[in-house]
Amino acid sequence: MSAAALRFSLDPMPGQKSWTEIPFGGGRETKRNDLPWDIAKAVEISGTGIRIQGQIDRVDVNKDEGLAIAYDYKLSKGASLDDLKSGRQVQIPIYLAALEQLFLPSFDLGGGGYYTLRGKGARLNQGLYRAAFADCTHITSHISKFDDVEWQRIRRDVATRVWEFIDGMRGGHFRVKPSLGKHTCKFCDYSAVCRYDAYRISRKKN
Ligand code: SF4
């Protein structure tokens, strides 16, 4: 899938270089010697001290402008802006934190988002991108481009939300409380073994 996406006919950025499936934050070993950063280097959610590790589906850099962008491949649509802002989906903010800590100051961040593999619409219109680099990022949707003040504010809010999750876990709070109620559970793979039963809970309330 990653290799197929590299052949899509998007206009490449000047001096573009792309990598796929790049680990970060330690925890993985690889024999690849073409990677853009030290995969063992620690990465944390900005301002929380919480270390994270994972793998980014794709990173493009524009060498001429000194710009880096992260993508998560999706067969169809990615998470909504509301999901990103509310901290229900933290993958893109985590990718951005990784790029920031592994690439700066050599590269500026253009943003990050979903790279849609199927369908005929725009492939890159969902995510958190900086309006200042719209010429390089191919993002046409207004709702996915932010001025730098708003872009940083959203990322800070998500970091605060993640911190609340971790703080709750450390405090032993494991309440079963899906963020959008039954809507969240609709496509969940674990509903058969989950102790959340909206009907049972509402019966108890009556
Ligand atoms: S079924 Fe359970 S685990 Fe799945 S989303 Fe709902 S509450 Fe969460």
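Computed from the coordinates by the stated procedures, all read-outs in this text should not be read as laboratory data. Just so we're clear, the structure is a prediction, and the values are computed from it rather than from any experiment. As a convention, Cβ positions derive from the backbone with ideal geometry for all residues, glycine included, and neighbour counts pool all protein chains shown.
Odds and ends about this structure:
- The label point for residue 31 and the one for residue 76, both projected 7 Å from the Cα toward the Cβ, are 3.9 nm apart.
- Lys-Lys pairs in the chain that are eight or more residues apart or on separate chains and whose Cα atoms lie under 15 Å of each other come to 5.
- Shape analysis of the range 10-99 places it in the oblate category; the axes a ≥ b ≥ c from the Cα gyration tensor give an a/c of at least 1.5, with a/b not above b/c.
- DSSP bridge orientation in the chain - percent antiparallel, rounded to nearest 5: 65 percent
- For 63, 145, order by how many other beta-carbon atoms lie within 10 Å, fewest first: 63, 145
- Potential extension, residue 63-residue 51 segment - 0.36 nm per residue separation minus Cα distance: 1.5 nm
- Contour excess over end-to-end distance, with Cα ends at residue 193 and residue 166 and 0.36 nm allotted per residue: 7.4 nm
- With neighbours defined as other Cβ atoms within 10 Å of a residue's Cβ, the residues 13, 169 order from fewest to most as 169, 13.
- For the range 2-170: relative contact order, % (alpha-carbon pairs under 8 angstrom, 6 or more apart): 19 percent
- Phi angles of the range 75-90 translate, via the Karplus equation with coefficients 6.51, -1.76, 1.60 and θ = phi - 60°, into HN-Hα couplings of 5, 10, 7, x, 5, 6, 4, 4, 4, 5, 5, 7, x, 6, 10, 10 Hz per residue; Gly and Pro are given as x.
- Cβ crowding within 10 Å averaged over residues, with 105-114, 22-31 ranked highest first: 105-114, 22-31
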